[in-house]
1. Carbon-plus-sulfur fraction of the accessible area of the chain, 1.4 Å probe, in percent?
2. Report, to one decimal in Å, the Kirkwood hydrodynamic radius for the chain based on all distinct Cα pairs.
3. Okay, helix-only estimate at 222 nm for the chain: each DSSP H run of n ≥ 4 adds -39500 (n - 2.57), divide by all residues, round to 500 deg cm²/dmol; what do you get?
4. Place a +1 charge on the Cβ of each Lys and Arg in the chain and a -1 charge on the Cβ of each Asp and Glu, then give the dipole magnitude about the Cα centre in debye, rounded to the nearest 20.
5. Quote the relative contact order of the chain in percent (integer), defining contacts as alpha-carbon pairs under 8 Å separated by 6+ residues.
6. What accessible area per residue, rounded to a whole number of Å², is obtained for the chain using a probe radius of 1.4 Å?
Amino acid sequence: MSGAEPVNVRLLDRDYTVGVTAEERDSLVAASRLLDAKMREIRGSNRMAAVDRVAVLAALNLAHELQQLRDENDRQAVALQQTLADMNRRLDRAIDA
């Protein structure tokens, strides 16, 4: 990655270093906070839960949320296209009248 700089993030009390551009830094830090919170939520009070299992479940939960948002976005895009097509038909009729 060109222009990447190391950024330290902390997930479940473990430090990780990731290389990102300066423009991506804030987004990565926000994403790491979200992931850490999700991992802590999944782990709950079970301090003995395997970190890899917690990480996979957190990733699955976040991927599911992302897919739900994408699906909703697709539904809204279809609805918008239908509304625009209807408006165009109305405009065409108004111009022809």
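1. Details: 4150 of 7720 Å².
Here carbon and sulfur together make up 54 percent of the probe-accessible area.
2. Details: mean 1/r = 0.0585 Å⁻¹.
By the Kirkwood definition, the hydrodynamic radius is 17.1 Å.
3. Numbers: 2 runs with 65 residues, N = 97.
One gets -24500 deg cm²/dmol as the mean residue ellipticity at 222 nm.
4. Details: 14 positive and 16 negative charges, 79 e Å.
Taking the Cα centre of the chain as origin, the dipole is about 380 debye.
5. Values: 59 pairs, mean separation 16.1, N = 97.
Relative contact order comes out at 17 percent.
6. Numbers: 7720 Å² over 97 residues.
I get 80 Å² per residue for this part.
The values are calculated or read from the model by the stated rules, or taken from the named source; none is laboratory data. Remember, it's a predicted structure, so these values are computed and weren't measured experimentally. We place every Cβ from the backbone using ideal geometry, glycine too, and count neighbours over all the protein chains shown. These area figures cover heavy atoms from the full protein model, side chains too; ligands, DNA and RNA do not enter into them. Shrake-Rupley method; radii C 1.70, N 1.55, O 1.52, S 1.80 Å.
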